[in-house]
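Quick notes on the structure that follows.
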Amino acid sequence: MFCVCFLLDVKKLMMLRPLKYRTVQMSVQIYVPPILNTIVVTGVLVNEDNLDRLEIYFDNERKSGGGGVVEESTTFDKDTGAIYITFEEEEGDHI
């Protein structure tokens with residue numbers, strides 16, 4: 001309920017007035033974060049070639065403390081150079 005109300009307030013604010021910094025018009029978009037059981041992995045070994053390897057690593061509870069990765073949910077974002085891994089449950093706080 002809070003999230004929906006907050007988004008409506010933000011949309012209303014964005015429609016009321018143009019956003020400018022000094023004389024420059026700004027473009028603002030609402031960011032809705034991914035679901036809570038998704039982690040973002042970045043670093044030297046993060047690339048499209050290592051997608052499967054990292055998914056297997058985080059699916060192994062003994063090695064990573066994770067476990068229960070949702071199949072076919074791991075994605076690589078070329079723009080940010082990050083891999084997003086989604087778990088079946090939110091209990092990944094021990095990773």
Computed label-point distance, nm, for sites D77 and L36 using a 7 Å Cα→Cβ extension: 2.0 nm
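So if we plug the beta-carbon distance of L45 and V24 into 1/(1 + (r/R0)^6) with R0 = 35 Å, what FRET efficiency do we get, rounded to 0.05? If you can, show how the numbers build up before the last one.
Details: r = 38 Å, r/R0 = 1.10.
Here the calculated transfer efficiency is 0.35.
Every read-out reported here was derived from the displayed coordinates using simple, explicitly stated rules and does not represent laboratory data. Every value quoted in this text rests on a predicted model; they were computed, and no experiment measured them. All Cβ positions, even for glycine, are placed from backbone atoms using ideal geometry, and neighbour counts span all protein chains on display.
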